Amino acid sequence: MKRKTAIVTGSSSGFGMLCSLELAKKGFHVIATMRDKAKSETILTLAKEQKLLDKIEVHPLDVTSIESINAFMVELSGFDSIDVLVNNAGLAIGGFCEEVPLEEYRRQFETNFFGVISVTQALLPLMRANGRGRIINMSSISGKVGFPGLSPYVASKHALEGFSESLRLELKPFGIDVVLVEPGSYSTNIWSGLDNTEIKKDSPYRSYMETIFSIIESGKQEHGDPLEVAVLVAQIASQQKAPNLRYVIGKGVKKNLFLKNLVPWKIIEKAVVKRLIK
């Protein structure tokens, strides 16, 4: 039986690293990509410990660089097919709109949105030529629910949701499935960017942002184990039946989505502002 190949972006840590390992356990030959190949020590060490080293190879890939993507495609020239693409590379930028430079919004979208499109466009001819494939886009609960102080990240994930819905309809006739995985809060380093967000002393949003950061910090102890998400991704990638469009995972996520769809926005708005404005 011909081996199946999976590509995972953003594999140096977090969901990407764990997804690569779980996919290898499922029998995939995994191409684990990362912007800086020097950060591959952790995943290779874990692969060796789990006796998966022969199933994982690391390649450099910066999803925001067309030159990097083109070079990566040259490296793939020896592969007959790509069966699974996990678009996981991402970052999180926080702050209030008035105080976040437009360049930061662009930087957020370059990775979380345009990076997904660029890598997908590059790999689609291979999948389409083989009449099969599975594209798993790592979204977030933030792609369904807005939150103050996180508009760059939230906007990028909302855009990813719309793109993925359209892409799924475009590719269904070609035997290619598009899937959205929507995790809640998990212990990954994607939030390190928020930890470094500066709150200016004279900012009119200072007390607002401090309350938000306090809520985020206190909630970290409730964050789930990211391995849960990796196991789900590997299951979606390897299952025989056609996958659903969306998979929600994480503590309280389904409840929050249910409430958003059920409760009028005015009530949600009032409750959020009451909690955050001191």
Of the residues in the stretch 236-278, those that are polar (S, T, N, Q) and in contact (Cβ under 8 Å) with a residue 40 or more places away in the chain number 3
LYS254 fails exactly one of (1) surrounded by 12 or more Cβ atoms within 10 Å (Cβ to Cβ); (2) modelled with pLDDT of 90 or more; (3) among the charged types (D, E, K, R), namely (2)
Residue, surrounded by the fewest Cβ atoms within 10 Å (Cβ to Cβ), within the stretch 129-142, restricted to residues that are outside any loop (DSSP other than H, G, I, E, B) and touching a Leu at 6+ places or on another chain (Cβ under 6 Å) | ASN137
Would you check if SER207 is touching a residue at least 12 places away in the same chain (Cβ under 8 Å), surrounded by fewer than 16 Cβ atoms within 10 Å (Cβ to Cβ) and outside any loop (DSSP other than H, G, I, E, B)?
-> yes
Unique match (being modelled with pLDDT of 95 or more, over 24 Å from VAL231 (Cβ atoms) and surrounded by fewer than 24 Cβ atoms within 10 Å (Cβ to Cβ)) among THR45, THR64, THR5 = THR64
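Here is a yes/no grid of residues against (1) in a helix (DSSP H, G or I); (2) within 20 Å of SER13 (Cβ to Cβ); (3) modelled with pLDDT of 95 or more; (4) out of contact with any strand residue (DSSP E or B) (no Cβ under 9 Å at 6 or more places or on another chain):
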site: ILE212; (1), (2), (3), (4): yes, no, no, no
site: VAL231; (1), (2), (3), (4): yes, yes, yes, yes
site: GLN240; (1), (2), (3), (4): no, no, no, yes
site: LEU259; (1), (2), (3), (4): yes, no, no, yes
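The values are calculated or read from the model by the stated rules, or taken from the named source; none is laboratory data. Keep in mind that this is a model prediction, so the values were computed, not measured. Here Cβ is always computed from backbone atoms with ideal geometry, including for glycine, and neighbour counts include all displayed protein chains.
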